[in-house]
Amino acid sequence: MISQLRFAALALAALFIVAQPAFAADDAAGTWLTQAGDAKVKVAKCGGGLCGTVVWLKQPTDTDTGKPAVDNKNPNRELANRPIIGLQLFESMHADGPNRWSGRIYNADDGQSYDSHISVLGPDALKVEGCVGSLCGGETWTRAK
């Protein structure tokens, strides 16, 4: 009887350890306000990883044209007219540790994609980093209310 209880306890512990990355993905899910407060990004599970999509802009219209803001910094002219709201920023973001994901992030401010890491710092803080080679920069996003 004791060996069966021990086996059950070990099996339950193993299940918890194996399922941990799935639980971690839930921690990053939600809507986040960028550090500058100029955009909100919805982070959600997608295809075994995470996606991040712009869902709100402080300035949703281009002040020069009066039309919705578009991805006009994108060097690919075919993509330069797509709206910023609805734009997916995270590419191939996969778990690489507890509460940490790696992939690529698109920066609409310069039209470039960068190697990226995101990590949950707490219930209301998400660290977002982008790197070019060994040079990295980042900011902390807060969970939108």
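Since every read-out is calculated from the coordinates, none of them should be taken as a lab result. Quick caveat: nothing in here was measured; it's all calculated off a predicted structure. As a convention, Cβ positions derive from the backbone with ideal geometry for all residues, glycine included, and neighbour counts pool all protein chains shown.
When each of His94, His117 is scored by the number of other beta-carbon atoms lying within 10 Å, the sequence from fewest to most is His94, His117.
Taking Lys42 as the anchor, which lysines have their alpha carbon closer than 20 Å to its alpha carbon, excluding any fewer than eight residues away along the same chain? Hits, sequence-local ones excluded: Lys58, Lys127, Lys145.
How would Ser92, Ser134, Ser119, Ser102 line up from fewest to most surrounding beta-carbon atoms within 10 angstrom? Numbers along the way, then the final one.
Working: Ser92 13, Ser134 5, Ser119 21, Ser102 17.
With the fewest neighbours first, Ser92, Ser134, Ser119, Ser102 line up as Ser134, Ser92, Ser102, Ser119.
Gain on full extension, evaluated as 0.36 nm per residue between Ala36 and Val55 minus their Cα-Cα distance, stands at 5.3 nm. Would you tally the net charge around Pro75, using a Cβ to Cβ cut-off of less than 15 Å, leaving Pro75 out, and scoring K and R as +1, D and E as -1? Combined, the nearby Lys, Arg, Asp and Glu give -1. Here the label points at Ala44 and Arg82, each 7 Å from Cα along the C-beta direction, are separated by 1.7 nm in the simple model. Here the simple spin-label model places points 7 Å from the Cα toward Cβ, and for Lys127 and Thr140 these points are separated by 1.0 nm. Could you give log10 I(q)/I(0) at q = 0.17, 0.20, 0.23 Å⁻¹ for the range 24-143, computed by the Debye formula over C-alpha point scatterers of equal weight, without solvent? The calculated log intensity ratios at q = 0.17, 0.20, 0.23 Å⁻¹ are -0.83, -1.13, -1.41. Here the contact order of the range 89-145, divided by its residue count and restricted to Cα pairs under 8 Å and six or more residues apart, works out to 22 percent.
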